[in-house]
Amino acid sequence: MPESKVTFDIAEESDPSGYRIPRNARIENGPASDGDRHVVVWDRDLCRSYELWNAEPQGGNAWHAGGGAVFDLRSHRLRPDGWTSADAAGLAILPGLVRYDEAASGHVDHAIRITVPRSDESYVWPARHQAGAAADPALPPMGLRLRLKSSVDTSNLAPQAKAVAEALKKYGAIVADNGSAWFISGEENSGWDNSQLAGLKAFKGSDFEAVDASGLQQSPDSGAVAPK
């Protein structure tokens with residue numbers, strides 16, 4: 001696939017080149033959406049993720065976006081400190097998405113991307129950027145690791161929702177952007193059953209606990225965790 005030409009509103013914090021985005025790439029919530037309009041493309045051949053926010057096709061092989069990033073999925077290197085990405089936290093979206101095959105198997109084995117309505121004007125590792133509403137320590141910073149409390153009863157959840165909830169207890173979630181309260185993102189897949197997933201909407205902020213993940217940091221510029 002040829003390299004796509006992508007222009008940006010926030011060019012100073014976006015990777016300027018290296019995107020290979022199909023002309024028919026899916027836009028979050030459809031081409032008529034007025035939301036975040038994320039485009040996330042997994043390049044299996046190069047093991048990269050191309051991620052755009054507020055993406056608009058321009059015809060041919062061209063796109064315009066609010067911001068964008070190219071992530072080498074074989075590397076733990078974080079974006080430059082202070083840079084956003086297609087997410088406010090400056091993190092990759094793809095690794096935090098819940099995939100249908102994971103939920104169908106009953107095991108989601110990674111932390112999950114989550115959004116909050118308002119965040120603090122700060123960020124903690126591994127995030128690289130903030131988009132806070134106020135300087136308020138009562139608000140979560142970007143990059144905060146949250147964990148669903150072990151006391152939260154998940155036994156009556158439908159299978160798809162239960163798999164997600166158990167991952168939230170074991171691996172937690174990372175605050176990645178501002179948006180709906182405790183909104184969990186998943187890949188687009190016809191196998192998802194909204195009636196099963198509805199049980200996740202009952203979770204409240206008080207059902208989560210904040211986790212100090214600073215002890216896992218191996219290097220401030222790397223997402224790799226320190227060995228135990």
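Among the residues of the stretch 59-68, none qualifies, meaning not one is without any contact (Cβ under 8 Å) to a residue 40 or more places away in the chain, of a type in the set (Phe, Trp, Tyr) and farther than 30 Å from GLN160 by Cβ. Those strands (runs of 3 or more DSSP E) of the stretch 14-84 in which at least 2 residues are surrounded by fewer than 19 Cβ atoms within 10 Å (Cβ to Cβ) and in contact with a strand residue (DSSP E or B) (Cβ under 8 Å, 6 or more places away or on another chain), considering only elements entirely within it, cover 39-43, 56-59, 62-65. GLY215 meets the conditions (1) closer than 22 Å to GLU102 by Cβ; (2) outside any loop (DSSP other than H, G, I, E, B) in every case but one. The failed one is (1).
Looking at ASP153, ASP120 in this structure, which one is open to solvent by 30 Å² or more (accessible area, probe 1.4 Å), among the charged types (D, E, K, R) and modelled with pLDDT of 95 or more?
Details: ASP120 fails: open to solvent by 30 Å² or more (accessible area, probe 1.4 Å).
ASP153 is the lone residue from the list that is open to solvent by 30 Å² or more (accessible area, probe 1.4 Å), among the charged types (D, E, K, R) and modelled with pLDDT of 95 or more.
Scanning the stretch 161-195 for residues that are in a helix (DSSP H, G or I), open to solvent by less than 70 Å² (accessible area, probe 1.4 Å) and in contact with a strand residue (DSSP E or B) (Cβ under 9 Å, 6 or more places away or on another chain) returns ALA163, VAL164, ALA165, ALA167, LEU168, LYS169.
Here is a check on your reading of the model: is ARG99 open to solvent by less than 50 Å² (accessible area, probe 1.4 Å) and among the charged types (D, E, K, R)? Taking the combined requirement at face value, the residue does not satisfy it. Looking across the stretch 201-212, just one residue is of a type in the set (Asp, Glu) and part of a strand (DSSP E or B), and that is GLU209. If the condition is being in contact with a helix residue (DSSP H, G or I) (Cβ under 9 Å, 6 or more places away or on another chain) and of a type in the set (A, V, I, L, M), then the stretch 169-197 contributes ALA173, ILE174, ALA176, ALA181, ILE184, LEU197. Do we find that ASP72 is closer than 19 Å to GLY186 by Cβ and either at pLDDT 95 or above or in contact with a His (Cβ under 7 Å, 6 or more places away or on another chain) (or both) in this structure? So ASP72 fails the test. The residue that is farthest from GLY215 (Cα to Cα), among those in the stretch 90-132 that are in a loop (DSSP other than H, G, I, E, B) and among the charged types (D, E, K, R), is ARG99. In this structure, does SER151 turn out to be small (Gly, Ala, Ser) and in contact with a Lys or Arg (Cβ under 6 Å, 6 or more places away or on another chain)? It is false that SER151 is small (Gly, Ala, Ser) and in contact with a Lys or Arg (Cβ under 6 Å, 6 or more places away or on another chain).
The values are calculated or read from the model by the stated rules, or taken from the named source; none is laboratory data. Computed from a predicted structure; not experimentally measured. Ideal geometry is used to build each Cβ from the backbone, glycine not excepted, and the neighbour counts take in all protein chains shown. Heads up: the accessible areas ignore ligands, DNA and RNA and are worked out on the full protein's heavy atoms, side chains in. Shrake-Rupley method; radii C 1.70, N 1.55, O 1.52, S 1.80 Å.
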